[in-house]
Every structure is written in C-alpha cells, then in structure tokens.
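The next block holds one structure in the form of structure tokens; read it before the comments.
The values are calculated or read from the model by the stated rules, or taken from the named source; none is laboratory data. Because the structure is a prediction, the values reported are computed rather than measured. Cβ placement follows ideal geometry from the backbone for every residue including glycine, while neighbour counts extend to all protein chains displayed. Quick note on the areas: whole protein, heavy atoms, side chains included, nothing else; ligands and nucleic acids left out. Shrake-Rupley method; radii C 1.70, N 1.55, O 1.52, S 1.80 Å.
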Amino acid sequence: MSEHEGPGAVRRGRRARWFVAAAIVVVVLGAASVVVLTRVSADASQEQKPAPVVELATVKKTDLSEEESASGELGYGDERELSGRKPGTLTSFPQLGAVIERGEAVYGLDAKAVPLFYGTLPFYRALAEGADDGPDVKELEENLKALGFGTFKPDNKFTAATATALKKWQKSLGLTETGTFAPGDVVLAPGPVRVSTLSGQLGGEGTGPLMKVTGTEKVVTAQLDATKQSLAKQGGKVELDISGGKSTTGTITEVGNTAAVEDQSNGGDGKAKITVTIKLDDPSAAGTLDATTATVRFVKGERKGVFAVPVGTLLALAEGGYAVEVDEAGKRRLIAVETGLFSDGQVEISGPEVREGLRVVTTS
C-alpha cells in the first residue's frame, strides 16, 4: 500500500475483485430440459464473456394432449381361410391380391364360376320352393336382389318369386336353371375380400381349403400393453405415423380381449399385449405400400384451453417449485408457475400472473 492509499482503498479494491454470477445447471424432467438456478462466486479479473443471445417464446392459450405410443404394422388385417363345399375339379383361380366383390367368381369348378355372396350365416341346407322358412332364405334373397335378380322384399319365405330369381341368376352364370340352391353353390364372406394366399391346386378337388383372404382396406394392427387397454376404445381416434407414407389419423375398429406375451427371443419385450385394429381415415396416406411399420399414438390425457409454453422456459428453482423468466421490453423478472400436462415439447402452466401473450425466455 503506498503512502497515498488508505485502508478504504484496499477494501474497495478487494470488493472490486468479486461479483456474483448466475450459474445455470441443466437437469432432466421427463423428456425435456429444465433450468435450475443457483448462485456461485467468480473472480472479476476473469474476462467476462458477452451475454448469450436468448430466445423468447409467447404464452399461448391452446389444447394439449398426452399420448402413449405403440408399434404397429400396416397391412390388410388378419387372414381367414375360404373353403370349397362343392365336389368337382378346380379349373381356375384368382390372382394374388385380387379383390373379389359380391357376385364375382372366387374360383372355377368344372369350368363354371363359383361366386361370392355376402353374409354371416353359413348356408346349411338345400333351398327350393316349399322349404321351411328360415333366415338363410332371407340371406339368399338379399344377395339375389342386390345383384339385380328379383323385385321382392327379402324375407324368410322361399316362394315362386325366389325360385324365378334363382333361375335368372343361374342363367347369367351359364348354370342349369333349376331354381334350387345348394350351400356349395357360392362362397360366403361378410363383404369384399382380397386374395392373400392360394392353397388349392388347379386340377385338384374342389372341396376343402382353397385360399386365404383378407379385408380390402388397409389397416394398422397395433400391439398395446395389456395394462393400458383402457386407452383403446372402439370408435376412438388415434394418430398414425406410417413408415414410408404420411402421418394421418385412424379410427379404432376392433380391440382384442386376449393378451399374448411377446417372445423376447424374437425381439419382443416379454410383456403381455393386446391387438388393436385401426382403419385409416385417409387410405391414401399409405401410398402404394401394402405392408410397412407404423407408430400409433393413443391419447392418455387432454386439456382444453390452457396456457402453454415450450418446456425450455421452465426454471426449476433451488428452493423448490417452478418459474418462468418474463421479458417486458428488455426488463426481466421471474414469476412463479404451476405446471400441468406435458405434451410434445409443450407444458401447461398456470399462476396469478400468467396470461396469454406474455413473453418468456426459453432454451428451446
């Protein structure tokens, strides 16, 4: 200390060598980063770096939803087997991938078409005029009328009008016009079918398994943890990301009620899963792909009309709780907030000072 310097100057010099700086430590909360504020000392003699450029976000009023993802497969759904019930020699088959609708030939037997009828009640007896009333008669009449044969109102009675319609239908196929019907004269399915596998052989016998078919619309089948079955409701909506295709929405058409454990040796996670079938709301989202993987997002929770900001605005305070740093024309201050639902990089916030349009500092 020189003779011109007093004790006060020494104290001032010591004070000048210290300042208080904010150190930012990043911790993980869920899938997002949150800033924790603490205070440490630093030597003022160290070169001070320019303050980093910060980004600002705006508090918005919006709807948020929390989601659960599951893996899925795009395809045409489960296969089911079609069998022939009429003796004869197989003389023709459809092409793989062919779509067959009501009245169209499923296969050829003795060079005659065996067509597709729609229905869920198997034809179980021969039908002719004078047959006992029954729902199978109505099913037959519904198909004949849909194909343009007969003007009657379908009912359970086999009448002369039914026989006449049958003869016209038989004539259109080049069959003998008997006016009688046998269960093996048609193949029955609930609706149009798509041929996925051929198991019969040309020249072989017409009875027994002949092919496997699927539905005609592309669907996604997802494997959902059985413990989360409540997320899947028939008729409910889901979000879909199709590999090689587009993102779209889907409608749940079927929820399995039997759980199966995925085999870990084949890449499974060893957890019990149920199968959820989903119809694409926009079939074109799959493009030309017949099969690929997909991600299905089920909604777990939903909040309407809440204030939300990017997760990167949250400051986890050392003393507990959360805050956001408000920017008001360049002046900044912290305000306490309560957090709610987290969704896709956004978080719901609330508090006495939270309002729409508020500008806050963010790291994301």
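Overview of values
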quantity: Pair list, Cβ < 9 Å and 6+ apart or interchain, from the range 233-246 residues that are under 21 Å from Glu66 (Cβ atoms) to residues that are assigned to a loop (DSSP other than H, G, I, E, B) and not charged (D, E, K, R); calculated: Val238/Ala232
quantity: Considering residues of the range 304-319 that are assigned to a loop (DSSP other than H, G, I, E, B) and open to solvent by 40 Å² or more (accessible area, probe 1.4 Å) only, the residue farthest from Thr362 (Cα to Cα); calculated: Glu319
quantity: Ala336, sole failed condition from (1) aliphatic (A, V, I, L, M); (2) farther than 15 Å from Ser65 by Cβ; (3) touching a residue at least 24 places away in the same chain (Cβ under 8 Å); calculated: (3)
quantity: Subset of the range 85-106 [open to solvent by less than 20 Å² (accessible area, probe 1.4 Å) and within 19 Å of Thr176 (Cβ to Cβ)]; calculated: Gly88
quantity: Subset tally (residues that are touching a Pro at 6+ places or on another chain (Cβ under 8 Å) and not β-branched (Val, Ile, Thr)) for the range 199-210; calculated: 4
quantity: Any hit, the range 197-218, residues being modelled with pLDDT under 95 and under 14 Å from the mean Cα position of the chain (by Cα); calculated: yes
quantity: Number of positions in the range 155-211 that are of a type in the set (Val, Ile, Thr) and either under 15 Å from Tyr107 (Cα atoms) or in contact with a strand residue (DSSP E or B) (Cβ under 9 Å, 6 or more places away or on another chain) (or both); calculated: 8
quantity: Residues of the range 309-346 that turn out to be closer than 16 Å to Glu55 by Cβ and of a type in the set (Val, Ile, Thr), as a count; calculated: 5
quantity: Residues being open to solvent by 50 Å² or more (accessible area, probe 1.4 Å), part of a loop (DSSP other than H, G, I, E, B) and either on the phi > 0 side of the Ramachandran plot or of a type in the set (A, V, I, L, M) (or both) - total across the range 320-364; calculated: 3
quantity: Extreme residue, surrounded by the fewest Cβ atoms within 10 Å (Cβ to Cβ), among residues of the range 245-267 that are small (Gly, Ala, Ser) and closer than 14 Å to Ala222 by Cβ; calculated: Ala260
quantity: Any chance Gln229 is over 30 Å from Leu173 (Cα atoms), touching a residue at least 24 places away in the same chain (Cβ under 8 Å) and not in a strand (DSSP E or B); calculated: yes
quantity: Output for the range 66-84, where each listed residue is farther than 27 Å from Phe181 by Cα, outside any loop (DSSP other than H, G, I, E, B) and open to solvent by 30 Å² or more (accessible area, probe 1.4 Å); calculated: Glu66, Glu67, Glu68, Ser69, Ser71, Glu73
quantity: Yes/no for Gly301 being farther than 30 Å from Asn257 by Cα and either touching a strand residue (DSSP E or B) at 6+ places or on another chain (Cβ under 8 Å) or part of a loop (DSSP other than H, G, I, E, B) (or both); calculated: no
quantity: Near pairs, Cβ below 6 angstrom, 6+ apart or cross-chain, from the range 303-319 (farther than 15 Å from Thr62 by Cβ) to any residue that is β-branched (Val, Ile, Thr); calculated: Gly312/Thr362; Gly312/Thr363; Leu314/Val34; Leu315/Val35; Ala316/Val34; Ala316/Val36; Ala318/Thr38
